[in-house]
1. With respect to residue 312, is the statement that it is surrounded by fewer than 24 Cβ atoms within 10 Å (Cβ to Cβ) and outside any loop (DSSP other than H, G, I, E, B) true?
2. Between residues in the stretch 74-97 that are farther than 16 Å from residue 64 by Cα and residues that are outside any helix (DSSP H, G or I), which pairs lie under 6 Å by C-beta distance while being six or more apart or on different chains?
3. When the residues of the stretch 32-54 are narrowed to those that are of a type in the set (Gly, Ala, Ser) and within 13 Å of residue 252 (Cβ to Cβ), which ends up surrounded by the fewest Cβ atoms within 10 Å (Cβ to Cβ)?
4. Which residues, counting only those in the stretch 105-121, are surrounded by 24 or more Cβ atoms within 10 Å (Cβ to Cβ) and within 15 Å of residue 58 (Cβ to Cβ)?
5. Specify which of the listed residues (158, 205, 193) is assigned to a helix (DSSP H, G or I) and either surrounded by 13 or more Cβ atoms within 10 Å (Cβ to Cβ) or modelled with pLDDT of 85 or more (or both).
6. Check residue 337 against each of (1) more than 21 Å from the chain's Cα centre (by Cα); (2) surrounded by 15 or more Cβ atoms within 10 Å (Cβ to Cβ); (3) at pLDDT 90 or above; (4) not β-branched (Val, Ile, Thr) and name the one condition it does not meet.
7. What number of residues in the stretch 342-379 are under 16 Å from the mean Cα position of the chain (by Cα) and more than 18 Å from residue 52 (Cβ to Cβ)?
Amino acid sequence: MALAQQRAGSFWRLVFSAGAILLINMGARSSLGLFVGPLDAAKGFGLASIGFAFGVSQFVWGAAQPVFAVLAERWGTRTVLIIGALMVALGTALTPLAHSSAALTLTLGVLAAMGAAGGSFAILIGGIARHLPEHRRAFAGGLINSGASLGQFLFAPLVQWLITTLGWAQAFYVLAATALLGIPLAMGLTTQLVETPALASNPGLGLRAQVALALADRSYRLVHLAFFTCGFHVAFLATHLPGQIALCGLSAAVSANALALIGLFNIAGSLSAGALCQRYRMKMVLAWLYAARAVIIVVFLLAPKTTLVFYGFAAALGLTYLATVPPTAGLVGKLFGPRHLATLFGLTLVSHQTGAFFGAWLGGIAVVRYGDYRWMWYADIALALLAVACHWPIREARVPRSLVLRVTAPER
């Protein structure tokens, strides 16, 4: 009994620490769209140039994650998390000093984004998964992922308040200071990360061989393609939903509230996705999530653009927003095992953030060229349906009936 309680306590400490780091990291990143208008007004860079800088930020954040995952295996999780927090703080603090679009791309798009990758999904979910049994990984991923959603819920109205009361530049300085809170959390997290005997005694494939094997697998490539869609969708919304709301004549407060609602409802979405993956095949959970996105956007396009509609749209999308992360990480772990999950999942996030680059960049181009985001919504629907089609042929074994009974039975 004492051993079981000790393991349960260790599980919850790991999840809480990782979720808190994601809360800070993703809360700040998901609120950056609120700075687009103030940056354009103050600097005059133009929406297309700002959209490009934000697109680079999305891509760099994804591309750096597998690099940091490899470094975490060699240097340790603690070192990577601390380096990442320092880079985020520096890049964010330098952003108000950028006097050209190139400088904005370097500070916010490269330096801060690379730092955020050091405390990202791949490092936290992938690293912790190595220390959990298979049937608990997706659920733990859902709990950790909910930290990112809670961060968006808390940060969006806070950042808008800071911009309104202190100014956009001072708001960036506050975010830079907040990033440093990840350092003490990293110290607490990594004291719990002790390699399990099973992994220590069974090294299996080396990293290079495992990556080569994964890239040759059709199911893994399909996961990449579908996750591209998720990145496009999330970055487009995070960057340009405030612009869409402004085009409809509504206030910046509505934008902040909508982003907060996405984060709030994604807590339920992430937890539900993690729980569903213990009962159903992960590829089916993902297919349902992407199909739901397509339906939600169609309904939004047909509805009048009122404050209440935007809030309902944000709540509905929030149920699917980042809920794809735990099943995707769980699916990769189920296909290839947990040992190199941080790197393999990090590579899927490169695809995710490649889509995010186009979502952020093309959104700015669309509004400059056409005056609205209509074609971006159409592209989002088409990509969501493509993601649904990608998941059907993925090779994934059914969840054993005995495991379903075990994870759903009440504890005694």
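1. Answer is yes for this residue.
2. 89/180
3. Residue satisfying both the conditions and the ranking: 41.
4. Once the filter is applied, which keeps residues that are surrounded by 24 or more Cβ atoms within 10 Å (Cβ to Cβ) and within 15 Å of residue 58 (Cβ to Cβ), the stretch 105-121 yields 108, 109, 112, 113, 115, 116, 117, 120, 121.
5. Sole residue among the options that is assigned to a helix (DSSP H, G or I) and either surrounded by 13 or more Cβ atoms within 10 Å (Cβ to Cβ) or modelled with pLDDT of 85 or more (or both): 158.
6. Exception for residue 337: condition (3).
7. 11
Per-residue answers, yes or no, for (1) at negative phi; (2) of a type in the set (Phe, Trp, Tyr); (3) in contact (Cβ under 8 Å) with a residue 12 or more places away in the chain:
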site: 312; (1), (2), (3): yes, no, no
site: 322; (1), (2), (3): yes, no, yes
site: 327; (1), (2), (3): yes, no, yes
site: 339; (1), (2), (3): yes, no, yes
site: 343; (1), (2), (3): yes, no, yes
site: 357; (1), (2), (3): yes, yes, yes
site: 360; (1), (2), (3): yes, no, yes
site: 364; (1), (2), (3): yes, no, yes
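The values are calculated or read from the model by the stated rules, or taken from the named source; none is laboratory data. Here the structure is a predicted model, which means the values were calculated and not measured. In this analysis, Cβ positions are derived from the backbone assuming ideal geometry, glycine residues included, and neighbour counts consider all displayed protein chains.
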